[in-house]
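Asks: Can you keep this structure in mind? I'll have questions shortly.
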Amino acid sequence: MELKLLPSYLKYAYLDSKQQLPVIIANNLTKEKHKKAIGWKLSDLPSINPSICMHRILMEEDIKPIRQ
């Protein structure tokens, strides 16, 4: 992925460990503000309802799951 050059007061932060989901944040954030802006895990984002963020696969009870 090719990213654009940013002004000195901005920087890229990544939402994943593979650095494939970039977001732009202020370059002068403290560690605490950076953590609040990006979030490290779902529990760091108290205003987000976990049921919205979780993926659920609905299955019928009489069907046996298979791996393909």
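The values are calculated or read from the model by the stated rules, or taken from the named source; none is laboratory data. Small disclaimer: the values here were computed from a predicted structure and weren't measured. Cβ atoms come from the backbone with ideal geometry, glycine included; neighbour counts cover every protein chain shown.
Asks: Taking only pairs six or more apart or across chains, which ones have beta-carbon atoms under 7 Å, a first residue in the range 52-64 that is of a type outside the set (A, V, I, L, M), and a second residue that is in a loop (DSSP other than H, G, I, E, B) and loosely packed, with under 10 Cβ neighbours inside 10 Å?
Replies: Sorted first by the residue in the range 52-64, then by its partner, the list stays empty.
Asks: Under 9 Å between Cβ atoms, which residue pairs at least 6 apart in sequence (or on different chains) link something in the range 3-21 that is closer than 17 Å to His34 by Cα with a partner that is of a type in the set (Gly, Ala, Ser) and at pLDDT 85 or above?
Replies: If the second residue must be of a type in the set (Gly, Ala, Ser) and at pLDDT 85 or above, the pairs left are Tyr9/Ala26; Leu10/Ala26; Lys11/Ala26.
Asks: Next question, about the same structure. Can you work out which of the residues in the range 34-52 that are under 11 Å from the mean Cα position of the chain (by Cα) and modelled with pLDDT of 70 or more is surrounded by the most Cβ atoms within 10 Å (Cβ to Cβ)?
Replies: Once the filter is applied, the top-ranked residue is Ile38.
Asks: Hey, another quick one. Hey, could you check the range 1-17 for residues that are closer than 26 Å to Ser47 by Cα and assigned to a loop (DSSP other than H, G, I, E, B) and say which is nearest to the chain's Cα centre (by Cα)?
Replies: The selected residue is Leu15.
Asks: At pLDDT below 80, over 14 Å from the mean Cα position of the chain (by Cα) and among the hydrophobic types (A, V, I, L, M, F, W, C): is that true of Ile57 in this structure?
Replies: The answer is yes for Ile57.
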